Amino acid sequence: MSKSRYNRVVLKLSGEALAGEAGFGIHPPIIKSVAEQIKELSDLGVEVAVVVGGGNIWRGKIGSEMGMDRASADYMGMLATVMNSLALQDSLENAGVETRVQTSIEMRQVAEPYIRRKAIRHLEKKRVVIFAAGTGNPYFSTDTTAALRAAEIEAEVILMAKNNVDGVYSADPKVDSEAVKYDELSFLDVLKDGLAVMDSTASSLCMDNDIPLIVFSIMENGNIKRAALGEPIGTVVRGKK
């Protein structure tokens with residue numbers, strides 16, 4: 001059996017990745033495929049924590065642009081991440097993977113509250129832990145949640161699975177045919193050049209805590225495992241190049 005390069009990882013999934021071509025809601029074959037890929041990783045003995053976005057259901061930024069109070073719009077986005085997390089938990093458990101959802105906003109009827117020590121204990125017992133409801137605060141993205149939780153649980157890497165791009169480019173490859181894909185970058189490069197990897201708060205957290213980031217496409221089956229094995233896919237972002 002191949003050995004993972006990492007013992008503990010945070011997998012960051014965009015909500016849109018769960019929607020498939022429909023672009024909205026949860027597409028059952030997609031979430032089943034994601035669950036199977038996470039199971040592959042767990043079967044290697046890797047401790048897996050997951051942060052999933054909610055953009056397939058609701059985006060706080062869009063609500064704010066419509067005239068909603070920004071905090072209320074963001075809280076709605078946090079609830080959307082809970083819905084995605086529960087759906088992913090169900091798919092994982094159907095695949096035979098013991099899973100726990102922890103939320104930053106208490107809703108004990110459906111999930112555990114986020115407790116750092118309890119999350120680490122679950123991971124040590126090889127349970128997949130899904131962190132839902134963002135940081136529990138408005139104005140912070142799920143990218144920032146991934147960076148914060150990775151620092152808290154001492155994860156060795158963040159695996160950022162994208163549905164619309166296979167790495168980090170100098171510009172949007174769908175718009176600019178001359179966009180160049182990077183194999184490796186520093187977080188300073190990301191911040192200085194304003195590259196669309198993760199927001200500046202998340203990038204700074206990763207840089208300050210020396211947490212590397214691997215950006216890759218989730219649309220190719222097996223890529224999560226390949227990233228964990230250290231195979232050269234996507235783009236690696238580090239504190240220093």
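The values are calculated or read from the model by the stated rules, or taken from the named source; none is laboratory data. All of these numbers come straight from a predicted model, not from anything done at the bench. Glycine also receives a Cβ, built like all others from the backbone with ideal geometry; neighbour counts cover every protein chain displayed.
Just a few scattered comments:
- Pairs meeting the criteria (first residue in region 59-87 and within 15 Å of Gly134 (Cα to Cα) and touching a residue at least 40 places away in the same chain (Cβ under 8 Å), second residue charged (D, E, K, R) and outside any helix (DSSP H, G or I), beta carbons under 8 Å, at least 6 apart or on different chains) are Gly77/Arg59.
- Under the condition of being hydrophobic (A, V, I, L, M, F, W, C), surrounded by 13 or more Cβ atoms within 10 Å (Cβ to Cβ) and farther than 24 Å from Lys225 by Cα, the residues counted in region 148-176 number 1.
- The criterion of being in contact with a strand residue (DSSP E or B) (Cβ under 7 Å, 6 or more places away or on another chain) and modelled with pLDDT of 95 or more does not hold for Arg116.
- Being among the polar types (S, T, N, Q), at pLDDT 95 or above and surrounded by fewer than 19 Cβ atoms within 10 Å (Cβ to Cβ) is true of Asn137.
- Residue under evaluation Ser64, criteria (1) within 22 Å of Glu156 (Cα to Cα); (2) at pLDDT below 95, criterion not met: (1)
- One residue stands out among those in region 195-214 that are within 19 Å of Tyr169 (Cα to Cα) and either among the aliphatic types (A, V, I, L, M) or at pLDDT below 90 (or both): the one that is surrounded by the fewest Cβ atoms within 10 Å (Cβ to Cβ), which is Ala196.
- Residue match in region 177-194 (condition: touching a residue at least 60 places away in the same chain (Cβ under 8 Å) and surrounded by fewer than 16 Cβ atoms within 10 Å (Cβ to Cβ)): no
- Filter result (basic (Lys, Arg) and under 24 Å from Val197 (Cα atoms)) within region 1-35: Arg5, Arg8, Lys12
- Residues of region 215-230 satisfying the condition of being modelled with pLDDT of 90 or more and of a type in the set (S, T, N, Q): Ser217, Asn223
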